[in-house]
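Note sheet for the following structure.
The values are calculated or read from the model by the stated rules, or taken from the named source; none is laboratory data. Only a predicted model underlies this, so the values are computations on that prediction, with no experimental measurement involved. Here Cβ is always computed from backbone atoms with ideal geometry, including for glycine, and neighbour counts include all displayed protein chains. Please note that ligands, DNA and RNA were not included when accessible areas were found on the heavy atoms of the full protein model with its side chains. Shrake-Rupley method; radii C 1.70, N 1.55, O 1.52, S 1.80 Å.
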Amino acid sequence: AVVSTQSTGMMNEGKLLETLELFKDFFLLGRGELFLAFIDSADNMMKHSFGKKSSDSDINRLFLKSYTQLGFSNEDHVEKFRLKFVSGMTKPKSPEKLPSKWNDLTLAYDVQWPLHVLFTNDVMCEYNKIFMGLLKLSRCQIALQTAWSVCTRSGYKFDADLLNLRSNVAYLIDQLQYYLHVDVLETNYTVLLKEIKETKDFEAIKKAHNKFLGEIQAWSFLSEESDSSMSSVSQLIDSVIVLGFQTASKFNETAESEFKEVPSVKKL
């Protein structure tokens, strides 16, 4: 009876299904357009050094601004989440070309009764690991898309090998994004909702949710705690992501160098 009361409380007072939908939108980057706008607006800030207290408030201000500018009506939804910088949350196996505060960005959610029995601190930590991995992948995808935009706008004739490299890496990243969001996240989320709706037993709900997180961790290959049999795949994907950042950076460096030379050419 107690177990049944717990599950009923989560479904009704706790609004479990609504909370899971929010987690999918934010922790699992379900609202891709929001994070596209946010990454674009926050990238310059991340390249500058600033104090932790101000950075937390500034980054949340940008996040809320991105949310409202896209016309989302439920502002109270985004206000339930808060971005925080936590140093040492991850230890990238292959760090980006330049250290980035993006690697310390985490997402917090104030879990209320009675959902605290399901979304424990350990569970929220797992959500954050997934969030950080997906965010890094999205940043890489956007960086490569921006590199192509730089190429077409500048009119500069980039090296053919560099262009081919960008195209091939971008293709891999695009395919990985599709695989993660369709084959891994959406598929497992659908299974989770089905299992929750078919039971009133709290332990069954907890088991289904833990399985959901486990499947995402295992098949996303973005977690540092990947199974040993999958570690080589995880390392390969990490290397591709790092290569993507480095390739995009090379485009920006080349374009900036070319633009600096333009005035002197005009003077001649």
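If you take the residues in region 19-33 that are of a type outside the set (A, V, I, L, M, F, W, C) and over 17 Å from Val117 (Cβ atoms), which one is least open to solvent (accessible area, probe 1.4 Å)?
Checked region 19-33; the qualifying residue least open to solvent (accessible area, probe 1.4 Å) is Asp25.
For region 131-143, check the following and say yes or no: at least one residue is more than 10 Å from the chain's Cα centre (by Cα) and assigned to a loop (DSSP other than H, G, I, E, B).
Scanning region 131-143 turns up no residue that is more than 10 Å from the chain's Cα centre (by Cα) and assigned to a loop (DSSP other than H, G, I, E, B).
Provide a single number: the residues in region 188-202 that are in contact with a Ser or Thr (Cβ under 8 Å, 6 or more places away or on another chain), open to solvent by 30 Å² or more (accessible area, probe 1.4 Å) and part of a helix (DSSP H, G or I).
Total meeting the criteria: 0.
Return only the number of the condition from (1) in a helix (DSSP H, G or I); (2) modelled with pLDDT of 85 or more; (3) not hydrophobic (A, V, I, L, M, F, W, C) that Ser232 does not satisfy.
Condition (2) is where Ser232 drops out.
When you scan region 27-37, do you find a residue that is of a type outside the set (Gly, Ala, Ser) and modelled with pLDDT under 90, even just one?
So far as region 27-37 goes, no, none of its residues is of a type outside the set (Gly, Ala, Ser) and modelled with pLDDT under 90.
For region 159-180, give me the residue count where each residue is more than 19 Å from Cys140 (Cβ to Cβ) and either in a helix (DSSP H, G or I) or in contact with a Phe, Trp or Tyr (Cβ under 7 Å, 6 or more places away or on another chain) (or both).
So the count comes out to 2.
Of everything in region 105-127 that's within 21 Å of Arg61 (Cβ to Cβ) and modelled with pLDDT of 90 or more, which residue is surrounded by the fewest Cβ atoms within 10 Å (Cβ to Cβ)?
Top of the filtered list is Ala108.
Does Leu185 satisfy the criteria of being closer than 30 Å to Thr254 by Cβ, of a type outside the set (Gly, Ala, Ser) and open to solvent by less than 60 Å² (accessible area, probe 1.4 Å)?
Criteria not met by Leu185.
If you scan region 203-220, which residues turn out to be in contact with a Leu (Cβ under 8 Å, 6 or more places away or on another chain), touching a residue at least 60 places away in the same chain (Cβ under 8 Å) and farther than 25 Å from Gln235 by Cβ?
Ile205, Lys206, His209
Please work out if Lys157 is open to solvent by 60 Å² or more (accessible area, probe 1.4 Å) and either touching a residue at least 60 places away in the same chain (Cβ under 8 Å) or of a type outside the set (Lys, Arg) (or both). Break it down into steps so the answer makes sense when it comes.
Working: open to solvent by 60 Å² or more (accessible area, probe 1.4 Å): yes; either touching a residue at least 60 places away in the same chain (Cβ under 8 Å) or of a type outside the set (Lys, Arg) (or both): no.
Answer is no for this residue.
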